[in-house]
1. Could you work out the helix-only [θ] at 222 nm for the chain, with each DSSP H run of four or more residues adding -39,500 (n - 2.57) and the total divided by the number of residues, to the nearest 500 deg cm²/dmol?
2. What list of ³J(HN,Hα) values in whole Hz, one per residue of the range 15-26 in order, does the Karplus curve 6.51 cos²θ - 1.76 cosθ + 1.60 (θ = phi - 60°) give from phi, with Gly and Pro shown as x?
3. Efficiency by 1/(1 + (r/R0)^6): what FRET value for Gln49 and Arg92, r their Cβ-Cβ distance, R0 = 22 Å, to the nearest 0.05?
4. Report the one residue of Asn55, Val9, Thr105 whose Cα lies farthest in the direction of the positive end of the charge dipole of the chain (charges on C-beta: Lys and Arg +1, Asp and Glu -1; origin at the Cα centre).
5. Counting other Cβ atoms within 10 Å, keep those with at most 14, restrict to DSSP loop, and tell me which trypsin sites (Lys or Arg not before Pro) in the range 1-64 are left.
6. Between Ile73 and Thr154, what FRET efficiency comes out of the Förster formula 1/(1 + (r/R0)^6) with R0 = 30 Å and r the beta carbon distance, rounded to 0.05?
7. Considering only Cα-Cα distances, which of the following residue pairs are longer than 30 Å: Lys10/Lys74; Lys74/Lys132; Lys5/Lys74; Lys86/Lys125; Lys33/Lys132?
Amino acid sequence: MDTYKTFTVKEATLKLMNYCAYQERCHQDVEQKLIELRMIPEARQQIIQKLLEDNFLNEERFAQSFARGKFRIKKWGKIRIQQELKRRNVSRFNIVSALKEIDETEYVETLDQLFIKRLDSLTEKNPQKLKKKIADYLLYRGWESHLIYEKLNTL
């Protein structure tokens, strides 16, 4: 006897509507969820089509929300946000649109705050090692190298 619960297309559609209503999702998340629900490819396609028609699934909205959230909450730079969106198979057009959600003034201020916070947390005396530690920290978070080096030159 099969212990896995099977879902009708209607049940799975409702489940995915709730999944998408709870938080913005990308196509990849939805596709993965449908695979977990053991839906056949035809049913997956039908459900995704319904989610798109009813605006539960909107990749541009997902990308914009993702970019705003990762920038404001995790303090990620544009490079890291872009990489993560690419990893989720978001289109180039939607990535560009998402990055426009980040206010330039706020972006520069956030970099300044991260820079100062990192500088204050380090006890390194060697100026070269200090600069490297700050640069590595900001590069890991996805900030553009030219912006980082401009900041480091002020030290």
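Every number in this text was worked out from the coordinates using simple rules, so none of it is lab data. Quick caveat: nothing in here was measured; it's all calculated off a predicted structure. Because the Cβ atoms are built from the backbone with ideal geometry, glycine has one as well, and the counts that use them run over all protein chains shown.
1. Details: 9 runs with 109 residues, N = 155.
Mean residue ellipticity, 222 nm, calculated: -22000 deg cm²/dmol.
2. 4, 6, 5, 5, 4, 7, 6, 5, 7, 4, 10, 9
3. On the way: r = 23 Å, r/R0 = 1.04.
Approximately 0.45, to the nearest 0.05.
4. Thr105
5. On the way: sites: Lys5, Lys10, Lys15, Arg25, Lys33, Arg38, Arg44, Lys50, Arg61; in loops: Lys5, Arg25, Arg38.
Passing sites in the range 1-64 are Lys5, Arg38.
6. Details: r = 27 Å, r/R0 = 0.89.
Efficiency at R0 = 30 Å is approximately 0.65.
7. Numbers: Lys10/Lys74 37 Å; Lys74/Lys132 21 Å; Lys5/Lys74 37 Å; Lys86/Lys125 39 Å; Lys33/Lys132 41 Å.
Cα-Cα > 30 Å for Lys10/Lys74; Lys5/Lys74; Lys86/Lys125; Lys33/Lys132; rest within.
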